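Scroll down for the structure; my scribbles are underneath it.
The values are calculated or read from the model by the stated rules, or taken from the named source; none is laboratory data. Note that the structure is predicted; figures quoted are calculated from it, not measured. In this analysis, Cβ positions are derived from the backbone assuming ideal geometry, glycine residues included, and neighbour counts consider all displayed protein chains. All accessible areas refer to the heavy atoms of the entire protein, side chains included, with ligands and DNA or RNA removed. Shrake-Rupley method; radii C 1.70, N 1.55, O 1.52, S 1.80 Å.
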Amino acid sequence: MDYKETLLMPKTKFPMRGNLPNKEPIRREQWEEEQIYEKVQERTKGRPLFVLHDGPPFANGSLHIGHALNKILKDFIVRYRSMTGYHAPYVPGWDTHGLPIEVALMKKKKYKRKEMDVAEFRRLCAEYALQQLDNQRNEFKQLGVRGDWENPYITLTNDYEAAQIKVFGEMAKRGYIYKGFKPVYWSPSSESALAEAEIEYQDKKSPSTYVAFEVKDGGNLLEGDEKFIIWTTTPWTLPANLGISLHPDLEYVVVQVGHDKMIVAEALYEDVSKELDWENPKIVKTFKGEKADRLVAKHPFYDRDSLIMLGEHVTTDAGTGCVHTAPGHGEDDFYIGEKYGLEPLSPVNERGVFTEEAPGFEGMFYDKANKVITEKLEEVGALLKLDFITHSYPHDWRTKKPTIFRATSQWFASIKDFRQDILEEIKKVNWYPNWGETRLYNMVRDREDWCISRQRTWGVPIPVFYAENGTPIITNETIEHVSKLFAEHGSNIWFEKEAEELLPEGFTSEHSPNGKFTKETDIMDVWFDSGSSHEAVLLQREDHHRPADVYLEGSDQYRGWFNSSLSTAVAITGEAPYKNIISHGFVLDGKGRKMSKSMGNVIVPDKVIKQLGADILRLWVASVDYQADVRSSQDILKQVSEAYRKIRNTFRFMLGNLNGFDPKTDAQPENELEEADRFMLQQLQKLVAEVRVNYEKYEFAPVFNQIHNFCTVDLSSFYLDLAKDILYIEEEDSKRRRSIQTVYYEILMTLTQLLSPIIPHTADEVWEYIPGDKAENVQLTDIPQPREVEGYKEIEEKWEHFMDVRADVLKALEEARNDKVIGKSLEAKITIVPKDEKTKEILESIEHLHQYLIVSRADVVDQAGDAKDYRYVSIAVEKHPGDKCDRCWVSSDTIGEDPDHPELCTRCATIVKEHYSA
Ligand SMILES: [Zn+2]
């Protein structure tokens, strides 16, 4: 007789190999057909709301690994909440306005913006943005991210723009919007003002120049033949020089060098002296800065005064203590110039080219003019030194080109008027990680007013009219009217109609006696667009609320979306738009380097999905400590695939061993389960508790590790191994067998649920193979609450202690294997000598002890001569002398006792006789 036929070997159609790249797309189609997202919403209706508000990616280009990290993390949270008592809708969003789209149209499609009708160009921008959105949407769906993909929010839709206009109007109503002429970050490459959020610092090589300004009026303090020495790295701003700033409290010295008398701060005298190679310098006079107030120097190459002013911004960190001041090209310069009544001069146009206000340099690009201007200084004898330095310099974060400071008329949001309220709100938000709070707090504390106007085309117009005398008009009535027009026609109407047609009917103003009006042509900073989403989405969508529960974005959004959303929300509601902020790091390569095409170390999500599967990419996201910078490489993904394979095999093993199990008829009551089974069931409860806690703290790496450990340690090396000698061998319907299957069944259901937020494709697949009645999809179930397994209290101590003793036995077996005493552990016969009463009692009370230790025989005795010493017991390991049973492979003394089946042990012989005799 072939005894193999009599074994109940695991049997399942659940494939060993995931074959994810081929099977996942089919499953996603199925989700769409079955409308899983809608069903989840339907099922959870009426529960407490949990809103994770999506930060809109920019609709341009295909997805990179950072996008994938971001959206997958969000998906973990939303899926988890939907399975733990919440109604958690997820509405993806897109940011669709902005310069990169204008640039794409001009570069890729060769449109000439300046020669086109504005409204027409904007229509093309919209079309392009929506195409990009479509591509990105498909890519996001491929990641398995579940959401309302057919009804996303888009910043260019009429209703969104109308809501944004309302935010602007509300801020204006509170007096937070003003027009000012002052220096702002200006990007010649973008031909637009930039907000601080759009600046990034990069190294730049600049000239380092020391320039002499002759004294023109020294008052009672100076003789008139001295020179103020300034230091600058932007000689191109010298045409705009209107003064020199000194610190009122610093000491200044007049130094005789040859025939010249130079003025510098005393604290910097030695440095400057070395720098300029002064020979035999001699201090001839010392005075306090304040004494020089309103003295006059001569501009080095224009026939113009340069006023000596006093400012607290002057430091002795570098330079000479005499600071070149061009109120049109610097913030400090601007404010001190304002104090002294100087009109800022900014002789550079939007492309960074000198205007006729800078005689001698008209038409020159500012950076090129550096050279010409230093030559001019040399020519007039004002240049004391020219050198070059590399320093950190503000760049346009989109074009990566250097920016300048340029005084222009711009619209500002007056952060200072509600800064204190923002800072208070920051304290009320929960920050993951903790340092996020300090980061945003300091950023807001140090922040200047927000320049919200841009001199571009593709964006939401600033809804301001001008009267005949230039007075700006923003009233409730005009805002309300424009908002209504945008809601109906979209913002393009602003460019299609004349100002008078955009105003409410019969609108008049005392400033426009002839009834003529004009309109603003600047558009709003795109950060104002996305920063208004709390109004346009959280407030207006059914199933949403403000504040949202979570905003989750990359750590660059402290200066971006976290910041702009907070500013506009506090301005109009007094409250933060979010309760929790979660930020994630950047994705680096396996060695911690930035990914770049030239390095060939870029991991592209689309490729990973096609090679390994979305669930592997998702499992990778779950495995990293995402709040810091994370690493990804082919090797790392290979390791993740290996972990996936183990988890998948665990599922497969349990599914196979549930073959023929019907939970309705075969499941055993909990209080009748064997002790070891109740013990395992309780381990599962512990896992559920820990995993839930970590999901709730948004810590997914521990979730992944705990589940992975449970599969590989608790299950694989103990419970699954142990089960083989029972599930394969015992009678199909035996209580012992059914007891284990009952626990397998619960473990399988629960693990599938716990993993569903992370690897939804695989979880769905497993779910299909689980026997018995169940929900149509695991996504439509709730993760169970951990419970106290019946009768666990009484066995807890015993079985935990047993697991400790088992660790001793495993060690002994391992050593015996190394010494070639045994091969497989099932060949072993072990003799255990407990070291204390408790251990003895416990071991003696366990029926079939050898099964739990996966050996052929385990005797507990008081003494054994050759036993080796371990922590709780001494153990002697020998090869079991008896033959191996042909059916169960356990070595036994009972083999041959049954003459009908001489190759079997008595246990097997009995089973075979009863169930398989012909
Ligand atoms: Zn047997």
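Report the one residue of 894, 845, 775 whose Cα lies farthest in the direction of the positive end of the charge dipole of the stretch 759-918 (charges on C-beta: Lys and Arg +1, Asp and Glu -1; origin at the Cα centre).
894
Report D for the stretch 241-333 in µm² per second (integer): Stokes-Einstein, Kirkwood Rh on Cα pairs, 20 °C, 1.002 mPa s.
In µm²/s, the coefficient is 157.
Report, to one decimal in Å, the Kirkwood hydrodynamic radius for the chain based on all distinct Cα pairs.
Every distinct Cα pair counted, the radius reaches 33.6 Å.
Once you have a ≥ b ≥ c as the square roots of the Cα gyration tensor eigenvalues for the stretch 357-421, tell me rounded if a/c is under 1.5, and otherwise prolate or oblate according to whether a/b is larger than b/c.
prolate
At a threshold of 8 angstrom on Cα-Cα distance, excluding pairs fewer than six apart, so keeping six or more, what relative contact order does the chain reach in percent?
14
If you take all C-alpha pairs in the stretch 107-147, what percent of them are over 10 Å apart?
74
Around residue 426, under 15 Å between beta carbons, what's the net of Lys plus Arg minus Asp minus Glu among the other residues?
Charge balance near residue 426 sits at +2.
Could you tell me the ratio Rg/Rh of the stretch 822-877? Both radii from Cα atoms, Rh via Kirkwood.
Using Cα coordinates only, the ratio equals 0.95.
Spelling out what I want: for every residue of the stretch 547-560, take phi, set θ = phi - 60°, compute 6.51 cos²θ - 1.76 cosθ + 1.60 (Karplus), and round to whole Hz; glycine and proline get x.
Values, residue by residue: x, 6, 6, 9, 10, 10, 8, x, 5, 6, 7, 4, 8, x Hz.
Quick one: if you stick a label point 7 Å off each Cα along the C-beta vector at residue 599 and residue 393, how many nm between them?
The answer from the label model is 2.5 nm.
What would the Debye equation give as log₁₀ I(q)/I(0) for the stretch 94-189 at q = 0.15, 0.21 Å⁻¹, counting only Cα atoms as equal point scatterers?
The computed values of log10 I(q)/I(0) come out as -0.87, -1.14.
Quickly estimate the mean residue ellipticity at 222 nm for the chain, helices only: each DSSP H run with n ≥ 4 gives -39500 (n - 2.57), and the total goes over all residues, rounded to 500.
When only DSSP H runs of four or more count, the value is -12000 deg cm²/dmol.
Gain in length, residue 782 to residue 285, computed as 0.36 nm per residue apart minus the alpha-carbon separation, to one decimal in nm?
170.6 nm
Rounded if a/c is under 1.5, else prolate if a/b is larger than b/c, else oblate: which is the stretch 143-202, with a ≥ b ≥ c the root eigenvalues of its Cα gyration tensor?
It comes out oblate by the Cα gyration axes.
Exceeding 21 Å between C-alpha atoms, which entries from my cross-link table qualify? They are 114/519; 401/591; 686/774; 835/868; 74/697; 39/579.
401/591; 686/774; 39/579
Quick one: pull the percent of accessible area on the chain belonging to carbon and sulfur, 1.4 Å probe, ligands and nucleic acids left out.
Ligands and nucleic acids excluded, carbon and sulfur give 46 percent.
For the stretch 347-475, count the residues as N, evaluate 2.2 N^0.38 Å, and divide the Cα radius of gyration by that value, please.
1.52
Pull up all non-local amide H partners of residue 401: gap of 5 or more, or a different chain, and H-to-H distance under 5 Å with H placed in the peptide plane.
Excluding prolines and chain starts, which carry no amide H, the hits are 396.
Can you give me the Cα centroid spacing of the stretch 321-379 and the stretch 881-910 in angstrom?
Each part reduced to its Cα centre gives a spacing of 100 Å.
Tell me the volume per residue, in Å³, of the convex hull enclosing the alpha carbons of the stretch 782-896.
157
What's the local net charge at residue 183, with K and R +1, D and E -1, over the other residues with C-beta under 10 Å away?
Charge balance in the 10 Å sphere: -1.
What whole-number volume per residue, in cubic angstrom, does the convex hull of the C-alpha atoms of the stretch 511-572 give?
Cα convex hull per residue, to the nearest whole number: 133 Å³.
Kindly report the accessible area of the chain per residue (heavy atoms of protein chains, probe 1.4 Å, no ligands, DNA or RNA), in Å².
43
Rounded to the nearest 0.05, what FRET efficiency do residue 34 and residue 709 give with R0 = 35 Å and r taken as the Cβ-Cβ distance? Could you check?
That gives a FRET efficiency of 0.55.
Starting from the Cα of residue 556, step 7 Å toward the Cβ, then list every residue of the stretch 371-399 with an amide N under 15 Å from that point.
Answer for this model: 395-399.
Hey, can you grab everything whose amide H is under 5 Å from the amide H of residue 348? Only 5+ residues off in sequence or another chain; H modelled, so Pro and N-termini drop out.
Here the answer is 355, since their amide H atoms fall under 5 Å of that of residue 348.
Summing Lys, Arg as +1 and Asp, Glu as -1, what charge do residues with Cβ under 10 Å from the Cβ of residue 236 carry, residue 236 excluded?
Its environment carries a net charge of +1.
Taking Rh as the Kirkwood radius computed over C-alpha pairs, what is the Stokes-Einstein D of the stretch 583-637 at 20 °C in a medium of viscosity 1.002 mPa s, expressed in µm² per second?
Reported coefficient: 187 µm²/s.
How about residue 298: which aspartates and glutamates have a C-alpha closer than 19 Å to its C-alpha, ignoring those fewer than 8 places off in the same chain?
214, 217, 223, 225, 226, 260, 333, 343, 357, 375, 378, 379
For residue 428 paired with residue 489, estimate the spin-label separation in nm (one decimal), with each label point 7 Å from Cα along the Cα-to-Cβ line.
Going by the 7 Å Cα→Cβ label model, 4.0 nm.
Quick one: grab the alpha carbon gyration tensor of the stretch 614-700, order the square roots of its eigenvalues as a ≥ b ≥ c, and give me rounded if a/c is under 1.5, else prolate or oblate depending on whether a/b is larger than b/c.
The shape class here is oblate.
In nm², what is the average projected area of the convex hull enclosing the Cα atoms of the stretch 80-146?
Average projection, Cα convex hull of the stretch 80-146: 5.9 nm².
Can you figure out the FRET efficiency of residue 380 with residue 628, using R₀ = 41 Å and their beta-carbon distance, to the nearest 0.05?
0.15
With only Lys, Arg, Asp and Glu charged, each at its Cβ (+1 for the first two, -1 for the last two), find how big the charge dipole of the chain is about the Cα centre; round to the nearest 20 debye.
With Lys and Arg at +1 and Asp and Glu at -1, about 1680 debye.
Using 7 Å Cα-to-Cβ label points, what is the residue 149/residue 115 separation (nm, one decimal)?
4.1
What residues have an amide H closer than 5 Å to that of residue 453, excluding those fewer than 5 places away on the same chain, when H is modeled at 1.01 Å from N in the peptide plane?
Residues meeting the criterion, in which the H sits 1.01 Å from N, are 411, 525.
Over the stretch 481-534, with a single point scatterer placed on each C-alpha, what log10 of the ratio I(q)/I(0) does the Debye formula yield at q = 0.26 1/Å?
At q = 0.26 Å⁻¹ the computed log10 ratios are -1.12.
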